[in-house]
Amino acid sequence: MAIWRQPTSSAVSPSFVREGVGIGGPFMLTDQNGGKVSDTQFRRKWMLVYFGFTSCPDVCPTDLLQITRLMDLLGSDADALAPLFISVDPERDTPEQLKTFASNFSPRIVFLTGTPEEIKQAMSAYKVYAAKKEDKASALGYTVDHSAFLYLMDRDGKYYAHFAHGTPAEEMAKVIKEAIKP
Ligand code: NI
């Protein structure tokens, strides 16, 4: 898809991309404490939206550790950012499962799941791809291939930029500090 093309002239970082037409939209999900969470709750903050699943062997933990580090690097600016992790594996990722998983990462990250329909709607809003497939090498017997972008959304819930999987926290902090300046 054209919106994922590699940036050619980003002054900030090669993993920072400003193109993302039509990304974002409403969602109503359930957090790791069982509370209902909607996108409109974050209107006075920026959101950093990431989709993944708690049994992910490598990709999701890597990015969540960078987000954890990012929140430390942001210092007092961290209050302006709401990092959200949305499960693409709602059957397995119950709120209880999210809560256990969340304990590995920054307590500022909101972990979200929902019914398959609710998740489908959120994925569709963010144009996220995920496909469950058999994986005999995994203890669970399956894995979920999924796109792994970190979407930075502004205070109006509108797309601002996205970062590629594996973007170091330092690079994200630079972009985000600049973006959230009043
Ligand atoms: Ni993952």
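Per-structure values
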read-out	value
Residues that are among the polar types (S, T, N, Q) and within 12 Å of the ligand (Cβ to nearest atom), drawn from region 141-173	143, 147
Search result, residues across region 40-51 that are more than 15 Å from the ligand (Cβ to nearest atom) and open to solvent by less than 10 Å² (accessible area, probe 1.4 Å)	47, 48
Where residue 86 falls short, out of the listed (1) touching a Lys or Arg at 6+ places or on another chain (Cβ under 6 Å); (2) surrounded by 21 or more Cβ atoms within 10 Å (Cβ to Cβ); (3) within 17 Å of residue 29 (Cα to Cα)	(1)
In region 52-61, residue farthest from the ligand (Cβ to nearest atom) [restricted to those that are closer than 16 Å to residue 99 by Cα and in contact (Cβ under 8 Å) with a residue 60 or more places away in the chain]	55
Residue count for region 134-172, restricted to those that are more than 22 Å from residue 23 (Cβ to Cβ) and acidic (Asp, Glu)	3
Strands (runs of 3 or more DSSP E) fully within region 83-161 counting 1 or more residues that are out of contact with any Gly (no Cβ under 9 Å at 6 or more places or on another chain) and of a type in the set (Val, Ile, Thr)	110-113, 142-146
Conditions (1) open to solvent by 20 Å² or more (accessible area, probe 1.4 Å); (2) over 15 Å from residue 34 (Cα atoms): number failed by residue 99	(2)
Pick from region 126-177, criterion among the charged types (D, E, K, R) and without any contact (Cβ under 8 Å) to a residue 24 or more places away in the chain, ranking: most open to solvent (accessible area, probe 1.4 Å)	136
Given (1) at pLDDT 95 or above; (2) away from the ligand (no atom under 15 Å from the Cβ); (3) within 30 Å of residue 137 (Cβ to Cβ); (4) out of contact with any helix residue (DSSP H, G or I) (no Cβ under 6 Å at 6 or more places or on another chain), index of the condition residue 91 fails	(1)
The lone exception for residue 68 - which of (1) open to solvent by less than 50 Å² (accessible area, probe 1.4 Å); (2) away from the ligand (no atom under 16 Å from the Cβ); (3) of a type outside the set (Gly, Ala, Ser) it fails	(2)
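The values are calculated or read from the model by the stated rules, or taken from the named source; none is laboratory data. Quantities reported herein were computed from a predicted structural model and do not represent experimental measurements. Methodologically, a virtual Cβ is constructed for each residue, glycine included, from the backbone with ideal geometry; neighbour enumeration extends over all protein chains shown. The protein model used for the area step is the full one, side chains on, heavy atoms only, and it has no ligands, DNA or RNA in it. Shrake-Rupley method; radii C 1.70, N 1.55, O 1.52, S 1.80 Å.
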